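Single-structure report; data block below.
The values are calculated or read from the model by the stated rules, or taken from the named source; none is laboratory data. Keep in mind the model is a prediction, meaning the values are calculated, not measured. Here Cβ is always computed from backbone atoms with ideal geometry, including for glycine, and neighbour counts include all displayed protein chains.
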Amino acid sequence: MAPIALGSLSDRHVHLNGIKKPEQPQDGFGTRAVHVGSDPDPSTGAVIPAISLSTTYKQHGIGNHKGFEYSRSANPNRSALEQTLSSLESGGAYALAFASGSATTATVLQSLGHNAHIVSVNDVYGGTFRYMTRVAKENQGLETTFLDLENADEAQVNAALRHDTKLIWIESPTNPTLRLIDIPRIVGIAKAHPSHPLVLVDNTFMSPFYSSPLLQGADIVLHSLTKYVNGHSDVVMGAIILPQHHVALRDHLAFLQNSIGAVPSAYDSWLAQRGAKTLHLRMKEHGRNALLVARALEKSPYVKEVIYPGLASHPRHEVARRSLSPHAARFVQAESDHNPDGSFPYGGMVSFRISGGLEEAQRFFGATRLFTLAESLGGVESLAELPALMTHGSIPPAERAILGIGDDLIRLSVGIEEGTDLVLDVEQALRAAVEGSLRA
Ligand SMILES: Cc1ncc(COP(=O)(O)O)c(C=O)c1O
C-alpha cells in the first residue's frame, strides 16, 4: 500500500480499539459527517466505499488478516458506518450497529442479565415498552418501573431507584407528546445514587445533530437509524454509541452483537452511511420547516393545541434550549434573526390537536397533498399519522388518556420539501377537515 500523503484526511486518524477517530476535534459536524469513516479506498482510489458483500475474508495464516474474518463479527461497511456514528454522536468513542433500533434495544436489555431492575420514562416508544414488559420480563425477569421523568422531582426519582437498578431509560422528546426530560438532572440523580445505574438516552427524535446526550453525562446513546440518521425511509437499522471510558461495556455489548447476530447487512450499512453524510443539512431544513408549520398551526382557528418545543410559547422551551448540542446551538443562534420571538428550529416532529376529533383528523389525512398518512418518521418526505390508532394503538385507552394521546392528536414528521408548500398544504387540509365538519 502506498504511504499516505502527509496532511491527507487518513493521516489525521488514529485507531482506538479498532475504531478510527478524527484527531482534529475542531472539525465541525458537517465535516465529520462527510469524511469520518469515508477514507478513499487505498487500493482503487474510490472516494465512496465499495460495498463488501463477502461473508468471509482470506487469512494469510491463522489469525493473520486485515481485521475482518467473518461478516457477522465485522464487515467493512458496518465498521465504516460505526466510525461515522462514533464521531457524529458528540462525546462518543465507540459505536455498534444493529439490524434495527429494536434489535439494539433488545441487545442492551439482554446485557443486564437476570432479574435486573430498570427505570424508564413512562411514554417510551411502544416497541421498547413491549420489549421491556413482554419479552425481557418473561425471558430474563427484568422489572421496569415506568416514571414521568419530565415532572418527577428528585425524591420521586430516588424512590423509584433500587439497590439493583442497573439502567435509567430516557427518551427526550417523547413520542408523540414531545415531553422534555432534563437529561443532566436525571444523570445527576443517577450518579449520586448508591446503585449507580447507567443512563441511556434514545436520541432517535433529535438525531446527533440537535442533541448530544453523552456530553450531558449519559452513558449510552441509542438510535433507530431507520429515522433521521439514514433519513430516506429505505433502511431499518439501529445503533448505540458509548463514550471513551466505557470500553468494558463496549466489549460486552460487542460480544453480544456478534453472539446474538442481529447485525445489519453491508448494503444497509452503506446506505445509512451515505444518508448520514447529509444529516446536518437535512436536520437544519427539518427544523426550519417544522418551525414554519408549528407557527402556522399556532395561528390556525382549526387547531386546539400545538406541541413543538422550539416554539417560544412551549412551556418547556428553556429546557429545549438548554438541551441543544453545541453545533445545534450555533445553528439556532445563526437563525435567530429570522425568529425575533425567541422560537427556534428543534427537530422535525410537530404534534397538534385538531378541532373536533377522529372524524376531523381522518378528513385531514384525506385532504393533505404533501403529507402522506404513514407511520415512521425522519425521512426527507413529510408524513402524518394518528398515534391513538396507529403507532400507539397497542397502548390501553386508559393509559393513552393519561399520556394525552387522544383521537384528536395528530403527529407530523415534517420533511425537507419547500417549507411554504408544506404550510399551504397543512392550512388547506385543516380548512377542508374542520370546515367540512361545520358544513355537515
Ligand atoms: C424513539 C424510537 N426508538 C426506537 C425505535 C425502534 O426502531 P426500529 O423501528 O428501527 O426497530 C423507534 C421506532 O419507531 C423509535 O421511534
(request) Any chance you could count how many residues in the stretch 49-73 are part of a loop (DSSP other than H, G, I, E, B) and free of Cβ contacts under 8 Å to residues at least 60 places away in the same chain? (result) 14
(message) Go through (1) surrounded by fewer than 20 Cβ atoms within 10 Å (Cβ to Cβ); (2) in contact (Cβ under 8 Å) with a residue 24 or more places away in the chain; (3) on the phi > 0 side of the Ramachandran plot for H196 and report which single condition fails.
(response) (2)
(request) Looking only at the stretch 295-322, count how many residues are assigned to a helix (DSSP H, G or I) and in contact (Cβ under 8 Å) with a residue 40 or more places away in the chain. (result) 6
(request) Working carefully through the options R185, R130, find the one that is within 16 Å of the ligand (Cβ to nearest atom), surrounded by fewer than 21 Cβ atoms within 10 Å (Cβ to Cβ), of a type in the set (K, R) and more than 21 Å from L249 (Cα to Cα). (result) R130
(message) Give me the residue from the stretch 247-269 that is part of a loop (DSSP other than H, G, I, E, B) and of a type in the set (G, A, S) and, out of that set, nearest to N230 (Cα to Cα).
(response) S265
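Test of understanding: among G61, G91, G67, which residue is among the small types (G, A, S), more than 16 Å from the ligand (Cβ to nearest atom), closer than 30 Å to P42 by Cα and modelled with pLDDT under 95? Outline the logic, then answer.
Numbers: G61 fails: modelled with pLDDT under 95; G91 fails: modelled with pLDDT under 95.
Result: G67 is the single residue among G61, G91, G67 that is among the small types (G, A, S), more than 16 Å from the ligand (Cβ to nearest atom), closer than 30 Å to P42 by Cα and modelled with pLDDT under 95.
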(request) Take the residues in the stretch 28-83 that are buried (at least 17 other Cβ atoms within 10 Å of the Cβ) and acidic (D, E), then tell me which one is nearest to S259 (Cα to Cα). (result) E82
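Residue-wise test of (1) assigned to a helix (DSSP H, G or I); (2) in contact with a Phe, Trp or Tyr (Cβ under 9 Å, 6 or more places away or on another chain); (3) within 23 Å of V229 (Cβ to Cβ).
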{"residue": "K166", "(1), (2), (3)": "no, no, no"}
{"residue": "W169", "(1), (2), (3)": "no, no, yes"}
{"residue": "P173", "(1), (2), (3)": "no, yes, yes"}
{"residue": "I186", "(1), (2), (3)": "yes, no, no"}
{"residue": "K191", "(1), (2), (3)": "yes, no, no"}
{"residue": "V199", "(1), (2), (3)": "no, yes, yes"}
(message) If I filter the stretch 220-246 down to residues being part of a loop (DSSP other than H, G, I, E, B) and out of contact with any Gly (no Cβ under 9 Å at 6 or more places or on another chain), which single residue comes out as nearest to the ligand (Cβ to nearest atom)?
(response) H246
(message) Suppose the filter is more than 21 Å from P309 (Cβ to Cβ) and either of a type outside the set (K, R) or surrounded by fewer than 16 Cβ atoms within 10 Å (Cβ to Cβ) (or both); does D123 pass it?
(response) no
